[in-house]
Amino acid sequence: MNSVGKIAIVTGAGSGIGRATALALLRDGYSVVLAGRRSEALAETVAQAGPAGPRALSVPTDVSDPLSVQALFDATKEAFGRLDLLFNNAGTGAPPVPLEALTFEQWRRVVDINLTGAFLCTQAAFRLMKTQAPRGGRIINNGSISATTPRPHSGPYTATKHAITGLTKSTALDGREYDIACGQIDIGNAETEMTARMKGGVLQANGEKAVEPTMDVDNVARTVVYMASLPLQANALFMTLMATKMPFVGRG
């Protein structure tokens, strides 16, 4: 499917999965609005885009702030007139400590970014996609394997990612009437700054520490581009992409 002329927003585009996906979408012909907290990180993503860089628009954004999210979508509409794809990717975690040791502020920050941020962006995307011509578009949520299966000491992150699954289903249902498709990609051990600790060993459910295999983050980017390439009459509702040998299936 030809993506030239299509418009995407990628949140958390300054690093990791967000950066890799934004670059892949640019290579596929999209114009991409890069959203993230750090303007210098967004500028680096644009620099890495090379010849495709002119089709990237950086909009520093705090997805947990309704006014900041509205400014992101206003800038998108002003620059491009429409939106074909939203990748809700921005996320954060809390320190891996026992549940009772977490502070309210640590819990609230994860909920605000991972869940409320995805909701605010989805809400703004609906308002634009319902009224543009041609109508409709696609929303893809970064769910994580934690959307189904927790790691030890991951209460806030796991709770928000389980909630993303509910948001994905509700969005897919409510979007039917308006030609808005919504799917979710659950990712396991993509090699980014956030998973660097895997190489030194991470806590397992049995209390032991183990080094876990990772996979190239470009595999995630290619999969998101594939999900986005489907016609709106088709939807990859849930897709799991993981390092083949990571301890997830069975006993690990």
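Quick notes
- Qualifying residue in region 179-187 (condition: more than 23 Å from A35 (Cβ to Cβ) and in contact (Cβ under 8 Å) with a residue 24 or more places away in the chain): yes
- In region 99-139, the residues that are under 29 Å from I180 (Cβ atoms) and of a type in the set (V, I, T): V110, V111, I113, T116, T122, T131, I139
- Within region 70-92, the set of residues being part of a loop (DSSP other than H, G, I, E, B), farther than 22 Å from I164 by Cβ and touching a helix residue (DSSP H, G or I) at 6+ places or on another chain (Cβ under 9 Å) comprises R82 only.
- The condition of being under 26 Å from L86 (Cβ atoms) and exposed (fewer than 14 other Cβ atoms within 10 Å of the Cβ) holds for only one of E208, E193, that being E193.
- A search for C-beta distances below 6 Å between a residue of region 91-119 that is over 25 Å from Q70 (Cα atoms) and any residue that is assigned to a helix (DSSP H, G or I), counting only pairs 6+ apart in sequence or on different chains, returns A94/Q106; A94/V110; A94/P156; L99/G155.
- Positions within region 133-186 being farther than 30 Å from N206 by Cβ, assigned to a loop (DSSP other than H, G, I, E, B) and touching a strand residue (DSSP E or B) at 6+ places or on another chain (Cβ under 9 Å), in sequence order: R135, G136, D179
- One residue from T45, T103, T21 being at pLDDT 95 or above, among the polar types (S, T, N, Q) and closer than 21 Å to P156 by Cβ: T103
- From the list M198, M194, M227, the one residue that fits, being on the phi < 0 side of the Ramachandran plot, part of a helix (DSSP H, G or I) and free of Cβ contacts under 8 Å to residues at least 24 places away in the same chain, is M198.
- Some residue of region 94-114 being farther than 25 Å from Y30 by Cβ, assigned to a helix (DSSP H, G or I), hydrophobic (A, V, I, L, M, F, W, C) and within 16 Å of the chain's Cα centre (by Cα): yes
- Counted residues, region 35-60 - those being in contact (Cβ under 8 Å) with a residue 24 or more places away in the chain and in contact with a strand residue (DSSP E or B) (Cβ under 8 Å, 6 or more places away or on another chain): 13
- When we screen A35, A24 for residues that are small (G, A, S), outside any helix (DSSP H, G or I) and surrounded by 19 or more Cβ atoms within 10 Å (Cβ to Cβ), the only hit is A35.
- For region 61-69, the condition of being under 22 Å from G5 (Cβ atoms), among the small types (G, A, S), touching a residue at least 12 places away in the same chain (Cβ under 8 Å) and buried (at least 17 other Cβ atoms within 10 Å of the Cβ) holds for none of the residues.
- Residue among T168, T131, T92 that is within 18 Å of L237 (Cβ to Cβ) and among the hydroxyl-bearing types (S, T, Y): T168
The values are calculated or read from the model by the stated rules, or taken from the named source; none is laboratory data. From a predicted model like this one, the values you see are computed outputs, not experimental measurements. Note: ideal-geometry Cβ built from the backbone for every residue, glycine included; neighbour counts use all protein chains shown.
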